[in-house]
Amino acid sequence: MKRRIICMAIALLSIGLISSCSEDEVKVDEEITAADMASIKATVESGDWSISKYSDDDIDETSNYVGFSFRFNSDGTLGATDGNTSVSGAWSMTTSEADELDFNIFFTAPDIFEELADDWEVLKYSSSKIELIDISDDESSTDYLTFEKK
């Protein structure tokens, strides 16, 4: 009898965990491939975004981007503004030989925006959030960048 109750409790807990997952989340990590490119492009091109997390080798630098609004345009341009300062850059998405998806950001100035320039791997995305990761070639450092829809 105790075993049956425990099994039922585990089953109910499992159902609760499954149903509590956000329907907004699309895919995570290794599931993201070149086939997701059109969906991610359409998502980021629709509206303004803010940086909710930027971690450079375990150092939180999110505060450098507070108040900035980012716009990913369909022509590949990328703009950031906080109302006083405007910064122009570019963005693109490419695929690697292994069918991995890269989210490329290009800024040449100022320095805090140049730090964002990289070929990021899409870690997770939804209609309101895109989480990116960059692991250095020698795997000695990891950077995280998260954009959230405003």
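Just so you know, all these numbers are worked out from the coordinates, no wet-lab data involved. From a predicted model like this one, the values you see are computed outputs, not experimental measurements. Because the Cβ atoms are built from the backbone with ideal geometry, glycine has one as well, and the counts that use them run over all protein chains shown.
Please work out how much length the chain gains when fully extended from residue 53 to residue 117, using 0.36 nm per residue of separation minus the C-alpha to C-alpha distance, in nm with one decimal.
The residue 53-residue 117 span can extend by a further 21.5 nm.
Assuming R0 = 30 Å, can you tell me the calculated FRET efficiency for the pair residue 62 and residue 34, based on Cβ-Cβ distance, to the nearest 0.05?
Taking R0 as 30 Å, the efficiency between residue 62 and residue 34 is 0.55.
Projecting each Cα onto the charge dipole of region 27-149 (Lys/Arg +1, Asp/Glu -1 at the beta carbon, about the Cα centre), which of 120, 140, 67 comes out farthest on the positive side?
Of the options given, the answer is 67.
Under a straight-distance cross-link criterion of Cα-Cα below 12 Å, which aspartates and glutamates are reachable from residue 53, leaving out those fewer than 8 residues away in the same chain?
61, 131, 143, 148
What translational diffusion coefficient, in µm²/s and rounded to a whole number, does the Stokes-Einstein relation yield for region 27-149 at 4 °C and a viscosity of 1.567 mPa s, taking the hydrodynamic radius as the Kirkwood radius over Cα pairs?
My calculation gives 89 µm²/s for D.
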